[in-house]
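The values are calculated or read from the model by the stated rules, or taken from the named source; none is laboratory data. Small disclaimer: the values here were computed from a predicted structure and weren't measured. Cβ coordinates were reconstructed from backbone atoms using ideal geometry, including for glycine residues, and neighbour counts include every protein chain displayed. Keep in mind that these areas ignore ligands, DNA and RNA; they rest on the heavy atoms of the full protein, side chains included. Shrake-Rupley method; radii C 1.70, N 1.55, O 1.52, S 1.80 Å.
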Number of protein chains: 2
Amino acid sequence: MPQKKVVATKKVSKKTPKKDYGKMAMALHKKLKGKLEVVSKGRLLTRDDWSTMYSPGVGAVSSHLAKHPKDAREYTMKRNSVAVISDGSAVLGLGNIGPIAALPVMEGKCAILKEMANIDGFPIVLDVHDVEGIVSAVKAIAPTFGAINLEDIAAPLCFEIEERLKAELSIPVMHDDQHGTAMVVLAGLINAAKVVKKEFTSLKVVVIGAGAAGRAVTLLLLKAGISNIIVTDSKGIIYKGRKDLAGYKKKLAETTNPETRQGDVLTAVTGADVVIGVSGPGTIAKVHVAAMAPKAVVFALANPVPEIMPEDAKQAGAVVIATGRSDYPNQINNSLAFPGVFKGALDRGVNHITDEMKLAVAKKLAGLIKKPTADMVIPPVMTPGLVKAVASVIK
Amino acid sequence: MPQKKVVATKKVSKKTPKKDYGKMAMALHKKLKGKLEVVSKGRLLTRDDWSTMYSPGVGAVSSHLAKHPKDAREYTMKRNSVAVISDGSAVLGLGNIGPIAALPVMEGKCAILKEMANIDGFPIVLDVHDVEGIVSAVKAIAPTFGAINLEDIAAPLCFEIEERLKAELSIPVMHDDQHGTAMVVLAGLINAAKVVKKEFTSLKVVVIGAGAAGRAVTLLLLKAGISNIIVTDSKGIIYKGRKDLAGYKKKLAETTNPETRQGDVLTAVTGADVVIGVSGPGTIAKVHVAAMAPKAVVFALANPVPEIMPEDAKQAGAVVIATGRSDYPNQINNSLAFPGVFKGALDRGVNHITDEMKLAVAKKLAGLIKKPTADMVIPPVMTPGLVKAVASVIK
């Protein structure tokens, strides 16, 4: 989720995390010298080991796969491997910092895939940055992998890249910044509606931020039956007829903002039931929350510094508040979704992650909270059985 | 090394391996479901784990690398990772069987890298097969890796691909079928010359087979000071002026065959001290060995079925015989070289594998045998200290 500067929490945040995670992370990364290791499942101690793990025995496996390529699921690592791919153009809130600087983040995602779902994730950071180049590279290396996780690729390129790859590859392709976020937001919102006792599909929602996450959240909420959604970008409300709109924002204008409101964020949020910030620190003020309908729901997801601090949102009248942070209640964390989504897809040989699956994941996640409260609309990432539950609906 | 069919040993070989390694390999691969696993070096059990392995702490590491990309060696897996890359166009002796069928072989090479040299190798099998496509894909994914091992890519494309990548990337790129083979052959030949008490640089050498391995062996032997080398292809001796020659074979004709011999394999080998087969079963007959100079050296490297069986070569007068097989003395095995070469290159941040390094590796390998004998011109792959010794000369 967007943010301005990862390490600058002290100046902006009123509740500074007690620990300097940046410093701790630098020390840990230096100690580990990379977070991932590629290990062999078989030993090479005897001549028989060598002759079966490798030549000449491996020739029989290759010959078999030349005739029966689908059996790669049985005889190779393809069945359980996910490429975590980024060109480094939109990393965390750091922006376009390039592939090398993106590598620690991608290694981290792979560590999460392994630790949570026993998936063999491998980071591929790309030194190409145009749609054609990225699509070509990913298609070229796809045979090794059972699925593709796109990550931290800037909008609007990420949309075309994902669409192209979904159409041109027969393995699942998911841009997690979009769909991971959307699934978890929807899950939280399903429970938030219960807490504030409002009909889910009647919620008036404002999405602050029209990047990769903002678009995906909007589209999934529409799919889930919410019809009144207003999206804002840095220039204000997106509406049909706004002259500077092009591409995906123009399309968003056609399916959102049924009242064709025009103006700034205050105009957008006035009377809204839900505000979802997927932009950056400071874009939601107390006055905005105060202008919302009673029992306001505020998801302020910029990380680590939210659009509005939870204390401020509460003071201004918000009843349910979620952030991307682990030190407040209701952490909207992509790791709730993507490990289980890929687990299910790999285990069942699913070729595409559909909107129906995303809706099912959100419902499943929401259902893991039996009695939602203002401080518990979404399960914590270390919930036992989480991955299995999510994976179970990917089919 | 080239061969006709990996599983058809029974019909051709006089000394059939007692074990059915093909069957054993199929069972092992099915049991393992892929030979590699990507594991996390750090756990994700506490909130601190999450915050240092991943967000928000990882942002500090990314910010640092954005300013100091060279520090990727200290903070990421790049420093110890090697991509083992193939398009599946020349796999073992199976030919152009495609990327999926090549995957078990590449996984095997990665297993060897890990087990022998603690290197994190990852197999990338490519669904592109032209020079431009392969070069583009490898360059695109290079940032994750500390070195590139090209593997089982058909000649002559492999030559241009390797040259391009060496010129356009700043990490080591090595096509192991070429240079791994060449280094180990040279090592064996250095000791074989001692055994037959002939001056190394005065050896008359015939290379049977002008593919990737044949060309690389020839070029490295020339570099090592042997001036009289004849190369043959399926049409006979390669000589300056042969009308069908083009590309790299034409170049080979210019630097080999100083007597400009013309004709078949028998003409080539008559009076030769050394014959090196890098072609396929049956291309060297007893009559060829009998026509060689006294104390003949025969390296019959097609695998698993050599150009001539060691028993036949011996009967025809050969004194030193090497093959690619582990069930005969003197196994010419690429695994003697490539793990140590990459280990040295990664540990010392070497940018290119030079001819001088290849010569040094060969000498080092040869030197591991204190007193060479006809049955011991090259060390076995499980020699203690092997990788360290090879790595020590990559600098």
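Summary table
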{"quantity": "Surface per residue (accessible, 1.4 Å probe) for the protein assembly as shown, Å²", "calculated": "36 Å²"}
{"quantity": "Globularity index of segment A:259-395, i.e. its alpha-carbon radius of gyration over 2.2 N^0.38 Å", "calculated": "1.18"}
{"quantity": "Within segment B:245-324, GluC sites (Glu not before Pro) in DSSP loop having at most 15 other beta-carbon neighbours inside 10 Å", "calculated": "B:Glu259"}
{"quantity": "At 7 Å out from Cα toward Cβ: B:Thr267 inter-copy label distances (nm, ascending)", "calculated": "9.0"}
{"quantity": "Segment B:271-358 - percent of accessible surface contributed by carbon and sulfur, probe 1.4 Å", "calculated": "55 percent"}
{"quantity": "Inter-copy spacing of A:Gly95 label points, which lie 7 Å from Cα along Cα→Cβ, given in nm from shortest upward", "calculated": "5.5"}
{"quantity": "Cα pair distances in segment A:157-248, grouped into 10 Å bins until the bin that holds the longest one, percent each", "calculated": "14, 42, 32, 12, 1"}
{"quantity": "Percent RCO, i.e. relative contact order, over segment A:159-262, from Cα pairs under 8 Å lying at least 6 residues apart", "calculated": "22 percent"}
{"quantity": "Dmax and Rg, reported as Rg then Dmax, of chain A (C-alpha, Å)", "calculated": "22.0, 75"}
{"quantity": "Beta bridge orientation in the protein assembly as shown: antiparallel %, DSSP, nearest 5", "calculated": "15 percent"}
{"quantity": "Solvent-free Debye scattering, log10 I(q)/I(0), computed from the Cα coordinates of segment A:66-191 at q = 0.18 Å⁻¹", "calculated": "-0.98"}
{"quantity": "Percentage relative contact order, segment A:189-345, counting C-alpha pairs under 8 Å, at least six apart", "calculated": "18 percent"}
{"quantity": "Summed buried accessible surface, chains A and B, 1.4 Å probe, nearest 100 Å²", "calculated": "9100 Å²"}
{"quantity": "Ellipticity estimate at 222 nm from DSSP helix runs (n ≥ 4, -39,500 (n - 2.57)) divided over chain A, nearest 500", "calculated": "-12500 deg cm²/dmol"}
{"quantity": "Distance from segment A:17-32 to segment B:261-281 (C-alpha centre basis), Å", "calculated": "63 Å"}
{"quantity": "Nearest 10 degrees, 0 to 90: helix B:21-32 Cα axis against chain B principal axis", "calculated": "0 degrees"}
{"quantity": "27 Å Cα-Cα threshold exceeded, pairs from B:Lys19/B:Lys370; A:Lys286/A:Lys371; B:Lys109/B:Lys166", "calculated": "B:Lys19/B:Lys370; A:Lys286/A:Lys371"}
{"quantity": "Span from the segment B:102-170 Cα centroid across to the segment B:189-235 one, whole angstrom", "calculated": "27 Å"}
{"quantity": "GNM result for chain B, Cα springs below 10 Å: residue of B:Thr256, B:Thr383, B:Thr270 fluctuating most strongly", "calculated": "B:Thr383"}
{"quantity": "Most fluctuating residue given options B:Leu165, B:Leu44, B:Leu126, as computed from a GNM of chain B linking Cα atoms under 10 Å", "calculated": "B:Leu44"}
{"quantity": "Two-decimal Rg/Rh across segment B:207-335, once Rg and the Kirkwood Rh are taken from alpha-carbon atoms", "calculated": "0.95"}
{"quantity": "Dipole magnitude of segment B:249-290 about its Cα centre (Cβ charges: Lys, Arg +1; Asp, Glu -1), debye to nearest 20", "calculated": "160 debye"}
{"quantity": "Nearest-20 debye value, segment B:229-304 charge dipole, Cβ charges on Lys, Arg, Asp, Glu", "calculated": "160 debye"}
{"quantity": "Among A:Ser227, A:Ser81, A:Ser136: highest mean-square fluctuation, GNM of chain A, C-alpha pairs under 10 Å", "calculated": "A:Ser136"}
{"quantity": "Other copies of A:Gly349: label-to-label distances in nm, shortest first, labels 7 Å along the beta-carbon direction", "calculated": "4.8"}
{"quantity": "Solvent-free Debye scattering, log10 I(q)/I(0), computed from the Cα coordinates of the protein assembly as shown at q = 0.05, 0.07, 0.09 Å⁻¹", "calculated": "-0.31, -0.56, -0.82"}
